[in-house]
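Please read the structure below before turning to the comments.
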Amino acid sequence: MTAPDPTPVEVETPFEVGLATEGLSKAFGGVQAVDGASVQFHHGKVNALIGPNGSGKTTFFNCVTGMIRADAGTVSYRGRSITGKAPHRIARAGIGRSFQLCRVFPRMTVLENMLTAVRPGSLPRLLASAHHRDDVERARELLARVGIEHLERAEARDISYGQQKLLELAGVLMADPETIMLDEPAGGVNPALIERIAELVRSLNAEGRTFIVVEHNMELVMSLSDHVVVFDRGRPICEGPPSVVQNDPRVLEAYLGI
């Protein structure tokens, strides 16, 4: 008689759908970047979106957040359609995002970057706002939370790339989004800052925020995520808990060609 396998099988429990797409597609010329992608992400959890380079992850993010218009398909958030809406309307629906290449205003100070994140417009008008004092207080609280409050007077171009990543995340938080989409938060960041970002994601998730994270650092993905979706050639090929996904033959083939 064969002894039972002692390795437990991780099974996902029923979940509430947060962000979802149905048949989402986007082509650039003859290249099909996203190909009929139908995906559901778990509300209240840390979701990861992984896949080989060129598998369509960032294009998928851009279609979902209105940065580019999809050729076909639908996007919904908490059961309501956000298909084709402008980025600012999607942000107001409760979705914030960061970018693969960090977006900050290099000649503005760290604090000024925080203020423009929540109230776009000219800085003099911003500083004259009746809400300016409250915004400054909130900005400083968030800078302290991500650990760069001591840099508030530094110009963004003078801080490290990892610190710019933390600034971008703090700027996203200024709008108080319910769901945060992070595009390669660990890219170009040293191990100490990667761990700080991971701790921030865990603590914010514990407070109720949903995350969808595109990331190539598999150690980070597997330790951080509750649910993983794997893309290859513009469409999902596998999804589930990290322990299931990392052993799926389709994932091994997509990454390693075996």
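The values are calculated or read from the model by the stated rules, or taken from the named source; none is laboratory data. This one's a predicted model, so the numbers in the text were calculated from it and none came from an experiment. Note: ideal-geometry Cβ built from the backbone for every residue, glycine included; neighbour counts use all protein chains shown.
Values for this structure:
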| quantity | calculated |
| --- | --- |
| All positions within the stretch 111-145 that are aliphatic (A, V, I, L, M), part of a helix (DSSP H, G or I) and at pLDDT below 95 | LEU111, MET114, LEU115, ALA117, VAL118, LEU123, LEU126, LEU127, VAL136, ALA139 |
| Criterion: at pLDDT 95 or above, among the hydroxyl-bearing types (Ser, Thr, Tyr) and either crowded, with 19+ Cβ neighbours inside 10 Å or in contact with a strand residue (DSSP E or B) (Cβ under 9 Å, 6 or more places away or on another chain) (or both) - qualifying residue of SER38, SER98, SER55 | SER38 |
| Some residue of the stretch 250-257 being among the β-branched types (Val, Ile, Thr), within 20 Å of GLN100 (Cβ to Cβ) and either touching a residue at least 24 places away in the same chain (Cβ under 8 Å) or buried (at least 19 other Cβ atoms within 10 Å of the Cβ) (or both) | no |
| Residues being touching a helix residue (DSSP H, G or I) at 6+ places or on another chain (Cβ under 6 Å) and crowded, with 19+ Cβ neighbours inside 10 Å - total across the stretch 221-231 | 5 |
| Residue in the stretch 34-76 that is nearest to TYR255 (Cα to Cα), counting only those that are charged (D, E, K, R) and either part of a loop (DSSP other than H, G, I, E, B) or touching a helix residue (DSSP H, G or I) at 6+ places or on another chain (Cβ under 6 Å) (or both) | LYS45 |
| Selected residue [at pLDDT 95 or above and of a type in the set (A, V, I, L, M, F, W, C)] from MET218, MET222, MET181 | MET181 |
| Search result, residues across the stretch 70-95 that are under 18 Å from THR58 (Cβ atoms) and surrounded by fewer than 16 Cβ atoms within 10 Å (Cβ to Cβ) | ASP71, PRO87 |
